[in-house]
Number of protein chains: 2
Amino acid sequence: MYRTHTCGELRLSHQGQQVTLAGWVQAIRKFGSITFVDLRDRYGITQLLFNEALNDKLDENPLGREFVLQATGTVSERSNKNPHLPTGEIEILVSDFTILNRSAVPPFTIQDDTDGGEDLRMKYRYLDLRRNVLKKNLELRYAVNRAAREYLHRHHFIEIETPFLIKSTPEGARDFVVPSRMHPGQFFALPQSPQTFKQLLMVSGYDRYYQIVKCFRDEDLRADRQPEFTQIDCEMSFVEQEDILNMFEGMIKHIFREVKGVEWDEPFPRMSWEEAMWHYGNDKPDIRFGMQLLNLKKPEGVFPEKQALSELINGAGFRVFDEAETVLAIAVPGCADYSRKQTDELAEWVKRPQIGIKGLAYIKYQSDGSCKSSMDKFYTEERLLQIAAACGARPGDLILLLAGPEEKTRKAISELRLEMAERLGLRKKDEFKALWIVDFPLFEYDEETNRWVARHHPFTSPRPSDVETMIKNSPVIENPSLYLQHPYARIKANAYDLVLNGNEIGGGSIRIHQRELQEKMFQALGIHAEEQQRKFGFLLGAFEYGAPPHGGIAFGFDRLCAILGGSESIRDFIAFPKNNAGRDVMLDAPSPLEEEQLRELHLKSEIQH
Amino acid sequence: MYRTHTCGELRLSHQGQQVTLAGWVQAIRKFGSITFVDLRDRYGITQLLFNEALNDKLDENPLGREFVLQATGTVSERSNKNPHLPTGEIEILVSDFTILNRSAVPPFTIQDDTDGGEDLRMKYRYLDLRRNVLKKNLELRYAVNRAAREYLHRHHFIEIETPFLIKSTPEGARDFVVPSRMHPGQFFALPQSPQTFKQLLMVSGYDRYYQIVKCFRDEDLRADRQPEFTQIDCEMSFVEQEDILNMFEGMIKHIFREVKGVEWDEPFPRMSWEEAMWHYGNDKPDIRFGMQLLNLKKPEGVFPEKQALSELINGAGFRVFDEAETVLAIAVPGCADYSRKQTDELAEWVKRPQIGIKGLAYIKYQSDGSCKSSMDKFYTEERLLQIAAACGARPGDLILLLAGPEEKTRKAISELRLEMAERLGLRKKDEFKALWIVDFPLFEYDEETNRWVARHHPFTSPRPSDVETMIKNSPVIENPSLYLQHPYARIKANAYDLVLNGNEIGGGSIRIHQRELQEKMFQALGIHAEEQQRKFGFLLGAFEYGAPPHGGIAFGFDRLCAILGGSESIRDFIAFPKNNAGRDVMLDAPSPLEEEQLRELHLKSEIQH
């Protein structure tokens, strides 16, 4: 061992002891014939004092930043104590030292506020990881990992590893594939999730399974997505939805308690998918703040049980609203005094291609109780005040209104709501609000193919009350324009998402466990019998030998860690992430293979290098 | 929840309670109007009693083996107790039941002694996993996993996940590769181990890293090898070999204590690679039994510091020995009374192509102290007795002698030693003997290319005392026939293996942490500067910024579990293994891709389906 202690553990109580430390030179300060060095390791920083006796040796062996140094000496009380450092009461009076390795000048400073840009830090990730902020992130990740395992073990879950070289069954996202050398022309796929395996384990009777496991999706990358990511993957038998929600609400609360010291007294609220879309325009609402949507207009077939307050806007001759499918509003607290420049800027913001709304109307509900609006020409002040009231606005608030096609407008106002909250500082990193979203639609309609697609995945069970609707009706959509009236459009899934601070951190469902229902589901999704057998024959087979009722959930581990760490970026919580183009710039991967490798795999690349 | 209790927890103390159980029908026994059902779940078996009141319902809903059943009733004392079952004092007097799912007749019986063959059990793995013996194996695996984590955490190791989509740098085994869709013509590789990443983490200062992680090798399959396997992967900074041996000897002892209740009082013995090869013919000796090798003859250049007892066989005119490079013997305890038929059978055994030795000589050191030998013509009884004595034989033992080329003969007698021990029952499943093998050669000579290859891997450091030999000498081998005299042939590695019951369960080394030495190593292995930079530029770069001295070890998790479980087959300790041809027969993977998938990957398969 090159050291007797770490750089984080020596205290005044060690005074007089002879110790040896090893670590990295964080800083060097010379005062006349005396040199101070801050020596850093994973555990902390300790001050070394080299007095004049070592000057010759220091001259022969000059130190530099990030040099690896081993130093022996005596623990001494500091004259000038540093109360910000756990080791700040002592220093090491060095009697001898060895330079274990030298360092070139790092391409950026190894400090919390580094001068390195993203690209440089990704290329030299091994130096970036020396920074305290990243170290804290990886330590937090490990703590979350441990807390999850501890909770699940206590509740009789058993970790079982599932294979990585599996069969390609592309549904939804694309598989990464692995060519087989031993079986020419054939490929394995990397798992998008261990979904079918954990279901098989339920059929095998393992009853409570978990795994913290890498998954792979070959998606076109969006910001902050990674082609490989980690899931806390869980499944239980003999349970209903309620049992799963309770079990995993418990897990999240346990993790917060262990890792953040946050106690969660109240149960997580539950909200139906429909309520979430109606009030937030979004199935992962951030409920750290209000600003719920006011539904002023909507198409008839959508949310058929909901009533929009169209009487507040109809009959005023405002063509923008009259011609729109949907009109939605939010009341932004305290912004009634926005200038023309500011409202113009917001109008530009919603016109950007990412949002794509033609314009923005507003009502300034002023502190004196009066209203000013971009729609003064069409609406009386009385009517404007009614809209403000329906919005839950208070004097001083700014009401923003968007109009357009249903889906786009709802999405747009949801984005606008988040943007305004961000600007107002309402999305606090150290405030945590979770809720369950339940009662998702089982199917979504795909216009292009005039077919149903699974909203969650093909193994999700309908709600028990909807099973009969699914079995009894044909999935065929005779009239595309009336798809909303097809019985399948109303079928709800036995599925649930856990949403934390506006992020979906987990999702799952009660699964289908009967072969007939699973076949009906595949059929509804346009997977014919031969294809069912070829791709999922093992699962359909397993359902014939006593499959128990079961369900589960998977948590996005990277995202959960990022939120716990108060960050928006999952990359900062992954030791060696890919960049936004899906590359590892440190390794320079992916990269071309050697000829011989391709030949052995019986493959030809259509790209020449 | 479909149950109030599991099938393993009810006792006499629950008598009178109303309970609901759910599980699988293990057995049905009808006695007149009464039906007994053994209900099974992960936790045990509980007896259900259906009396005549339920006969009509049972007639309408007949039960069968492996049906999933939910039953409600009262816990009652059994009249006929079963002391072999934890729940054997009670039964459930059923008041109502629901069949949750039916089962077809399984293709084999779900019992410890199943009637299913290997192929059938692999195809229906989800049924095979219901068998108690496999359940126990997976539970043991989970217990080993937990014990390892607990020990490592207690010793300040932190688990850090390393990436699965990395760069292909084929050295040694072949990589599995993953074509990139987004970067046409380029490929990721799956890691053969996280070797370079854990070294980078040491450069980053993480100091004590571990990971229980899947690794991938595209090798031609040998029996009981898996293309994907699990490692306990560890690395430490500021350590020497001694520190690592102590730390991980502690881990293995902890695992044995926690999982098997085995206390290991003595330190694991340490043996140099040379001693192991000399005394056991093998670098993973099984030391549960003796039968050490007697070295009667060897080539001069091999084991130059060892002395073979050639005076015992020379000058007798026995051409087989005179012409052989190497003559080795073992004394097999208590087998002096082997018949001619038995010694002939042994001679056939060593002649098989897997062993490939031309013949076998023997000396029967009989109980009366006299000798009989296949070499009576050449050696006096006195000489035979001397050989027997040198072998450590006692009256009643059978001495077996093999002669031939050094490498082949040493390997052959090592195999013969294991075979004889197996036949004599000396390889006991419940006896555990571990030892460290140290001082491996750093290089092996490759005849084909007249070059050095790394025995461990290119990142292994030479012993400190051999660094200078490596730096100062050119790796070029001028005269292939004299390669043993090249200074590199004597360089020992700072490497170590942990051997348990004749299996290498872990191996590692102190790593090179200086750029110059690493470059010299690559050069010695014939990797020229451009290739070094292209493949390992990130690691060479990292060594320039203050790399600490470091080293590590990796344990074969599957094998460790198998040995702890007293089995030779790792497949029985993996939930969903590949078969001997590297296929998943349950999934039928690998399999051909859809046209569209290949097209998106810019690939052409040279195989038509």
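Just to verify a number: FRET efficiency for B:Glu139 and A:Thr380, C-beta to C-beta distance, R0 = 60 Å, to 0.05?
According to the calculation, E is roughly 0.20.
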Restricting to Cα atoms and excluding each atom paired with itself, what does the Kirkwood estimate give for region A:211-346 in Å? 19.9
Would you kindly calculate the mean projected area, averaged across all directions, of the convex hull enclosing the Cα atoms of region A:144-267, in square nanometres? 10.1
Mind checking which lysines have their C-alpha under 23 Å from B:Lys253, skipping anything on the same chain fewer than 8 residues away? B:Lys136, B:Lys284, B:Lys428, B:Lys429, B:Lys433
Histogram of C-alpha separations across region A:289-427, 5 Å bin width, %: 2, 10, 22, 25, 23, 13, 4, 1, 0
Coordinate range along principal axes, alpha carbons of region B:306-360, Å, largest first: 31, 28, 24
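At a threshold of 8 angstrom on Cα-Cα distance, excluding pairs fewer than six apart, so keeping six or more, what relative contact order does region A:1-99 reach in percent?
Value for region A:1-99: 33 percent.
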DSSP-assigned coil residues among trypsin sites (Lys or Arg not before Pro) in region A:4-64, each with at most 12 further Cβ atoms within 10 Å: A:Arg11
Can you compute the helix-only [θ] at 222 nm over chain A? Use -39500 (n - 2.57) per DSSP H run of at least 4 residues, normalise by all residues, nearest 500 deg cm²/dmol. -8000 deg cm²/dmol
Listed highest first by mean packing, meaning other Cβ atoms within 10 Å per residue, what order do A:246-259, A:390-403 come in? A:390-403, A:246-259
How much area per residue is accessible in region B:289-427 when the probe is 1.4 Å and only protein heavy atoms are counted (Å²)? 49
What's the average, rounded to a whole number, of partner chain beta-carbon atoms within 10 Å of each residue's beta-carbon in A:100-112? 3
For the interface of chains A and B, what total accessible area is buried with a 1.4 Å probe, rounded to the nearest 100 Å²? 11500
Distance (nanometres) between label positions extended 7 Å along Cα→Cβ at B:Arg534 and B:Ala27: 6.6
Dipole magnitude (debye, nearest 20) for chain A, charges at Cβ of Lys, Arg, Asp, Glu: 660
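Across peptide A:197-203, how many C-beta atoms of other chains are within 10 Å of each residue C-beta, on average? Present the calculation step by step, with values, prior to reporting the outcome.
Numbers: counts 6, 0, 1, 8, 5, 1, 6.
Taking all residues of A:197-203 together, the mean is 4.
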For region A:463-504, what is the Kirkwood estimate of the hydrodynamic radius, computed as the reciprocal of the mean inverse distance between distinct Cα atoms, to one decimal in Å? 12.3
Sticking with the crude label model, points 7 Å out along Cα→Cβ, report the distance from B:Phe36 to A:Glu118 in nm, one decimal please. 6.9
Set of aspartates and glutamates near B:Lys81 by C-alpha distance (under 19 Å), chain-local residues within fewer than 8 positions excluded: B:Glu9, B:Asp38, B:Glu89, B:Glu91
What are the principal axis extents of the Cα atoms in the protein assembly as shown, in Å, biggest first? 125, 103, 65
Check the straight Cα-Cα distances from A:Lys604 and name the lysines below 18 Å, setting aside those fewer than 8 residues away within the same chain. B:Lys604
In whole angstrom, the spacing between the Cα centers of region A:268-318 and region A:466-540 equals 26
Calculate, in whole percent, how much of the Cα-Cα pair population of region A:116-206 lies beyond 21 Å. 62
Once the mean of 1/r over all distinct C-alpha pairs in region B:16-157 is inverted, the Kirkwood radius in Å reads 17.2
In nm, to one decimal, how far is the A:Asp337 label point from the B:Glu242 one, both placed 7 Å along Cα→Cβ? 7.4
Using a 10 Å cut-off on Cβ to Cβ distances, tally the other chain neighbours for every residue of A:182-194 and report the average as a whole number. 6
Please compute one quarter of the surface area of the Cα convex hull for region A:466-530 and express it in square nanometres. 6.1
Considering the options A:His14, B:Asn503, A:Ser367, tell which one lies farthest towards the positive end of the dipole of the protein assembly as shown, charges being +1 on Lys and Arg and -1 on Asp and Glu at the Cβ, about the Cα centre. A:His14
If I model region A:491-597 as equal point scatterers sitting on the Cα atoms and use the Debye formula, what is log10 I(q)/I(0) at q = 0.10, 0.11, 0.20 Å⁻¹? -0.57, -0.67, -0.97
Considering only lysines 8 or more places apart in sequence, or on different chains, count the pairs in region A:289-427 whose C-alpha atoms sit under 20 Å apart. 22
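Could you sort the peptides A:567-574, B:150-157, B:583-590 by per-residue average Cβ neighbour count (10 Å cutoff), highest mean leading? Show your work: numbers first, answer last.
Values: A:567-574: 19.0, B:150-157: 16.8, B:583-590: 22.6.
Ranked from most to least packed, the peptides come out as B:583-590, A:567-574, B:150-157.
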For chain B, what are the per-bin percents of Cα-Cα distances with bins 20 Å wide, up to the bin holding the maximum? 16, 39, 32, 12, 1
Give the nm distances, rounded to one decimal, from B:His528 to the matching residue in every other copy, measuring between label points 7 Å along Cα toward the beta carbon; shortest first. 5.6
Taking the axis that carries chain A onto chain B, what is the nearest Cβ in chain A, and at how many Å, to the whole number? A:Lys604, 2
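The values are calculated or read from the model by the stated rules, or taken from the named source; none is laboratory data. The model shown is predicted, which means the values in this text are computed figures rather than measured ones. Backbone-built Cβ (ideal geometry, glycine too); neighbour counts: all protein chains shown. Ligands, DNA and RNA are excluded from the accessible area calculation, which covers all protein heavy atoms including side chains. Shrake-Rupley method; radii C 1.70, N 1.55, O 1.52, S 1.80 Å.
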